[in-house]
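Scroll down for the structure; my scribbles are underneath it.
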Amino acid sequence: MTLRLTPDDEQALTMLAEADGVSKQEATVRAIHEAADRRLRRDKVAALSATARTRYADLLDRLGQ
């Protein structure tokens with residue numbers, strides 16, 4: 001796999017790798033995993049929130065009055 005980066009992206013990746021004391025490849029893999037974890041967590045929270053709002057809609061309406 002080839003990863004093509006702009007000079008600014010390359011600089012940011014270099015700084016990230018140096019800050020973490022890892023290779024640029026490891027910094028890239030970590031960033032991918034962290035982004036995936038955040039996205040999945042956000043999506044799960046949104047789904048749970050939607051379920052709760054539906055389930056407790058009557059109660060929420062009464063509390064809002």
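Each reported figure results from applying straightforward, stated rules to the coordinates on display, with no laboratory input. As the structure is a prediction and not an experimental result, all values here were calculated from the model. Cβ: placed from backbone, ideal geometry, glycine included. Neighbour counts: every protein chain shown.
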>> Quick check: pseudo-label points 7 Å beyond the Cα along Cα→Cβ at residue 19 and residue 55, how many nm apart are they?
In response: 3.8
> Once the Cβ-Cβ distance between residue 36 and residue 8 is put in as r, and R0 is 25 Å, what FRET efficiency do you end up with, to the nearest 0.05?
Replying inline: 0.60
> Only one of the listed values, (1) 20.3, 58; (2) 11.1, 33; (3) 11.3, 35, was derived from the coordinates as Rg and Dmax of the Cα atoms in Å; which label is it?
Replying inline: (1)
>> As a test of the formula, what do you get for the chain when each DSSP H run with n ≥ 4 contributes -39,500 (n - 2.57) and the sum is divided by the residue count, at 222 nm and rounded to the nearest 500 deg cm²/dmol?
In response: -28000 deg cm²/dmol
